[in-house]
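A quick write-up on the structure given underneath.
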Amino acid sequence: MKIAVTIWGNRVSPVFDAAKTLLTADIENRMIIKKEYMSFDPGSPEGLIKLLKRMKASILICGAISTGPADLFIENNIKLISFVTGNAIEFIETFARKQVIEKSYMMPGCSKQYSWHHKFKNFSS
């Protein structure tokens, strides 16, 4: 499985529109086997969708995101997990091991385990 996380410094970017860096991680057998950083334009969700599809990343993880871009990711079969916060590397390491989003990584006030954009039973599908 390949995931992508929008980042700001060393943290999950609190706002999708402010992120310009993407951290991707290839996960196999609950371990990260490869990490890569790349630039992207948050003003072009369509461009990011093309990039994610080309890289075969099936999940996008971010902080707060507007409904318009969120809908575009979902319509293009990118699983979206939003309202995530915290250190990006610690987050992806925990996600790789447990395959769930721990409550400690959810933004304050977000009581649901996953964002409203998508509910997951199995992240690898």
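The values are calculated or read from the model by the stated rules, or taken from the named source; none is laboratory data. Keep in mind that what you see is a predicted model, and the values were worked out from it rather than measured. Backbone-built Cβ (ideal geometry, glycine too); neighbour counts: all protein chains shown.
Summary table below
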item	result
Residues being under 15 Å from W8 (Cα atoms) and of a type in the set (A, V, I, L, M, F, W, C) - total across region 30-52	2
Search result, residues across region 45-66 that are buried (at least 20 other Cβ atoms within 10 Å of the Cβ) and in a loop (DSSP other than H, G, I, E, B)	A57, C62, G63, I65
Flag for I32 being surrounded by 15 or more Cβ atoms within 10 Å (Cβ to Cβ), over 12 Å from the mean Cα position of the chain (by Cα) and assigned to a strand (DSSP E or B)	yes
Any chance P69 is surrounded by 12 or more Cβ atoms within 10 Å (Cβ to Cβ), part of a loop (DSSP other than H, G, I, E, B) and in contact with a Phe, Trp or Tyr (Cβ under 7 Å, 6 or more places away or on another chain)	no
Single match in I65, I49 (criterion: among the aliphatic types (A, V, I, L, M) and touching a residue at least 40 places away in the same chain (Cβ under 8 Å))	I65
Hey, P42 surrounded by 12 or more Cβ atoms within 10 Å (Cβ to Cβ), touching a helix residue (DSSP H, G or I) at 6+ places or on another chain (Cβ under 7 Å), in a loop (DSSP other than H, G, I, E, B) and of a type outside the set (S, T, N, Q) or not	yes
Residue in region 92-105 that is exposed (fewer than 14 other Cβ atoms within 10 Å of the Cβ), modelled with pLDDT of 95 or more, out of contact with any helix residue (DSSP H, G or I) (no Cβ under 9 Å at 6 or more places or on another chain) and among the basic types (K, R) present	no
Condition check for I81: closer than 16 Å to I32 by Cα, buried (at least 20 other Cβ atoms within 10 Å of the Cβ) and either touching a Leu at 6+ places or on another chain (Cβ under 6 Å) or in contact (Cβ under 8 Å) with a residue 12 or more places away in the chain (or both)	no
Count - residues of region 12-29 that are assigned to a strand (DSSP E or B) and surrounded by 17 or more Cβ atoms within 10 Å (Cβ to Cβ)	7
